[in-house]
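Structure first, commentary second.
Read-outs: derived from the displayed coordinates by stated rules, not from any lab. What you see is a predicted model; the values in this text were computed from it and never measured. Every residue, glycine as well, gets a Cβ built from its backbone with ideal geometry; the counts of neighbours run over all protein chains shown.
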Amino acid sequence: MRTPRVLASIAAFFFVMLSPSLAFAATLSLSPASGTLNTGCTYSFDILMDTGGINTDGTDAVLKYTTSQFTVTSITKGTLYPDYPASDFSNGVISISGLASPGQGVSVGGKFATINVTIPAGASAGPAPIVFDFTPGATNDSNVVQSTAVVDKLSSVVNGNYTIAQGGNCALTTAPVVVQQPVATDSGIPGKGGLQVSPIPTKTLGDTADISPTEVFSILGGFFTILGVSGLAIFRK
């Protein structure tokens, strides 16, 4: 009898669709996310956005770095959003904002912006992270805002885990990408004791009350489809 398998399929469907951590999550990442950088050389790192399929009204990317290891020379705005009203880099903090046109959310992912840097000749050899300022639930750091709902859907980030070497050519030698990177708690601003890192917190997107009406209808539609197929399978026995 196949009924237990049918019920198990339905249960698995609802577990996946109603799981808060899997519901339409957006991601910001640096690319390349790792590699060896040489002093006196210039490099570019792309900020990539994955919307998770949702429409977004805007995105804020805030990153922190140590000023003795990186000199940010410029920021190249991406083309995901029609308007980039703010971009700044100073005192170890990079901030970039992109906005969608009114009533026209952006759901396509891709290159949000590009950070252009130079490695100072006097930079110390060793680890040199560039990390997203990201705390679950906070609204004054990196965020991806869902259209109409005005809800932050940023669920995870991939930071830059670089190593500075002294001498050699300027080609960036990449290493395997590490998805879970440290999050900076200090931007290296003078008087604050340099860049400190701590483990990335786990993002929780609330409970099932966060699911929009559109998502509810999608879930119900999938359920009834499974139920119909299951009914045919049962009655054919």
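Key figures
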quantity: Sum of side-chain charges, Gly58 neighbourhood, beta-carbon under 15 Å (Lys, Arg +1; Asp, Glu -1); calculated: -3
quantity: Sum of side-chain charges, Gly98 neighbourhood, beta-carbon under 13 Å (Lys, Arg +1; Asp, Glu -1); calculated: -1
quantity: Potential lengthening between Val108 and Ala121 on full extension [0.36 nm per residue; Cα-Cα distance subtracted]; calculated: 0.8 nm
quantity: Cys170, Cys41 arranged by Cβ crowding within 10 Å, fewest neighbours leading; calculated: Cys170, Cys41
quantity: Amide H partners (placed H, <5 Å) of Cys41, local residues excluded; calculated: Ile119
